[in-house]
Amino acid sequence: MDEITALQRRLARERAARQEAERLLEEKSLQLYESHQALLRRNAELQNANAQLEATHLQLLQSEKLASVGQLAAGVAHEINNPVGFVLSNLNTLKRYLEDMLQVIQAYQGVVEAPDPQRATAIRQLDQAKQAADWEFLCEDLPAMLVESSDGLERVRVIVQDLKDFSRAGTHATWLEADLEHELERTLKVCWNALKYKATIVREYGQIGLVECIPSQINQVFLNLLTNAGHALGDAGTIWLRSGTEGPDALWLEVEDSGCGIPPENLGKIFDPFFTTKPVGTGTGLGLSLSYGIIATHLGRIEVFSPPGQGARFRITLPRHRAAEAASGSAPGNT
Ligand SMILES: Nc1ncnc2c1ncn2[C@@H]1O[C@H](COP(=O)(O)OP(=O)(O)OP(=O)(O)O)[C@@H](O)[C@H]1O
Ligand SMILES: [Mg+2]
């Protein structure tokens, strides 16, 4: 009998222990469920924050693009204004020449049609008309003026073409094989207006050949570097444009200026977004940070060298082919 009671007690204890364990288990799974829910919520929040960050980043890219488009538009308007101005003034002169020529032609007609006794008078009138028109000068000047005008219009055509090429695929990230020395020259033409009175350009190209890249983005980097170099020069100075290869699969391009240089304490900050030493309204401080991002997308690297008092040299190193780099995982940016 005692044995039965002892067994029953043990059973009751075990049941109680099991119930306690089940309760604990339930409590734990409730806790787990709650922390899982909290994690899900946190994850959603993070995803949200990430999406917002991405949207802000895109907005920044867009506004930087708009800012440079604004600068470009002002420069291009100036560049186009010159030739258009002289073509217009040439057209006015040509109109006057044409009126004079019509007078002379009329006088010739008078000579041809005049009966013999009046021919001498008609010839005198023709001479007068030719003198009034400054005939010899007109005959020399007219063709020259036409050549000058068509050169001017050709310049406008080239500027517009450069601008179109520059912004080509601006909205589509198209990877293409591009000649980056050529692209650098193209970008230089686009911002030439801001540089032409103060910069001497020295080219030391190494004929690097074609590179797989998104040319519109690389042009944005070039534009930032050239604009910065122009700002750094102050009134006058030199900008060196260089290129070369680094082993069989990589190449580099440099923009160096003889300007004010970058103080050592700023060297670590210039690629930070919004870091600028320019007066309010001049710089947003985004040029280099966006350039850094673009070069990183290309699996390349961008470096700066600025020994005190010796201007600044920016070097971009890029893999020649993105596929090869992505496959090997050894981007120059990671070395
Ligand atoms: N070639 C250079 N010489 C001297 N300082 C430079 C040069 N390039 C960049 N810097 C310094 O780095 C800072 C950041 O350059 P970044 O291009 O990012 O911005 P920003 O030129 O000031 O403005 P933004 O490009 O947005 O108009 C500049 O304000 C300047 O102090
Ligand atoms: Mg800049």
**Fill in**
Cα extents of the range 171-334 per principal axis, largest first, Å, are 45, 33, 28
**Complete:** The farthest towards the positive end of the charge dipole of the chain, of the residues 133, 101, 156, given +1 on Cβ of Lys and Arg and -1 on Cβ of Asp and Glu, is 156
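If you count, for each residue, the other Cβ atoms within 10 Å and average over each peptide, how do 187-195, 228-236 line up from highest to lowest?
Result, highest mean Cβ count within 10 Å first: 187-195, 228-236.
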**Fill in**
With every protein chain kept in place and a 1.4 Å probe, the range 256-321 has an accessible area per residue in Å² of 48
**Message:** Could you check the spin-label model distance between residue 154 and residue 121? Points 7 Å from the Cα along Cα→Cβ, value in nm.
**Reply:** 5.0
**Prompt:** Quick one: with all protein chains in place, what share of the accessible area of the range 171-334 is carbon or sulfur, to the nearest percent (1.4 Å probe)?
**Reply:** 55
**Asked** Among the aspartates and glutamates, which have Cα under 15 Å from the Cα of residue 198 when same-chain residues fewer than 8 positions away are ignored?
**Response** 235, 256, 257
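Carbon and sulfur atoms: what percent of the 1.4 Å accessible area of the range 79-165 do they account for?
Heavy-atom surface of the range 79-165 belonging to carbon and sulfur, 1.4 Å probe: 57 percent.
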**Prompt:** If you project the alpha carbons of the range 79-165 onto the principal axes, what extent comes out on each, in Å, largest first?
**Reply:** 68, 18, 16
**Asked** On full extension of the chain, what length is gained from residue 38 through residue 128, given 0.36 nm per residue of separation minus the C-alpha to C-alpha distance?
**Response** 22.3 nm
**Item:** Isotropic mean projected area of the C-alpha convex hull, the chain (nm²)
**Value:** 33.2
**Request:** From largest accessible area down, sort 108, 33; use a 1.4 Å probe on the protein chains.
**Result:** 33, 108
**Request:** Could you tell me the accessible area of residue 305 in Å² (1.4 Å probe, neighbours in place), rounded to the nearest ten?
**Result:** 80
**Request:** Report the FRET efficiency, 1/(1 + (r/R0)^6), for residue 267 and residue 49, where r is their Cβ-Cβ distance and R0 is 35 Å, rounded to 0.05.
**Result:** 0.65
**Message:** Counting only helical runs of four or more DSSP H residues, what would the 222 nm mean residue ellipticity of the chain come to if each run contributes -39,500 (n - 2.57) and the total is spread over all its residues?
**Reply:** -23000 deg cm²/dmol
**Request:** Please give, to one decimal in nm, the separation of the simple spin-label points placed at residue 236 and residue 57, each 7 Å out from Cα toward the Cβ.
**Result:** 4.5
**Eligible lysines near residue 164 by straight Cα distance, threshold 25 Å, same-chain separation 8 or greater** = 65, 189, 196
**Asked** Which FRET efficiency, nearest 0.05, do residue 179 and residue 92 yield, Cβ-Cβ r, R0 35 Å?
**Response** 0.25
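What is the gain in length, in nm to one decimal, between residue 99 and residue 310 on full extension, counting 0.36 nm per residue of separation less the C-alpha to C-alpha distance?
Separation in residues times 0.36 nm, less the Cα-Cα distance, equals 69.9 nm.
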**Prompt:** Using a 1.4 angstrom probe and counting only protein chains, how large is the accessible area of residue 86 in Å², to 10?
**Reply:** 60
**Asked** Want the number for residue 140 to residue 84: 0.36 nm per residue separation, take away the alpha-carbon distance, what's left?
**Response** 17.9 nm
**Asked** Top mean-square fluctuation among 144, 51, 21, Gaussian network model of the chain, C-alpha springs under 10 Å?
**Response** 21
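The values are calculated or read from the model by the stated rules, or taken from the named source; none is laboratory data. All of these numbers come straight from a predicted model, not from anything done at the bench. Using ideal geometry, Cβ is built from the backbone for each residue, glycine included, and neighbour counts are taken over all protein chains shown. Protein only, heavy atoms only, side chains kept; ligands, DNA and RNA dropped before computing areas. Shrake-Rupley method; radii C 1.70, N 1.55, O 1.52, S 1.80 Å.
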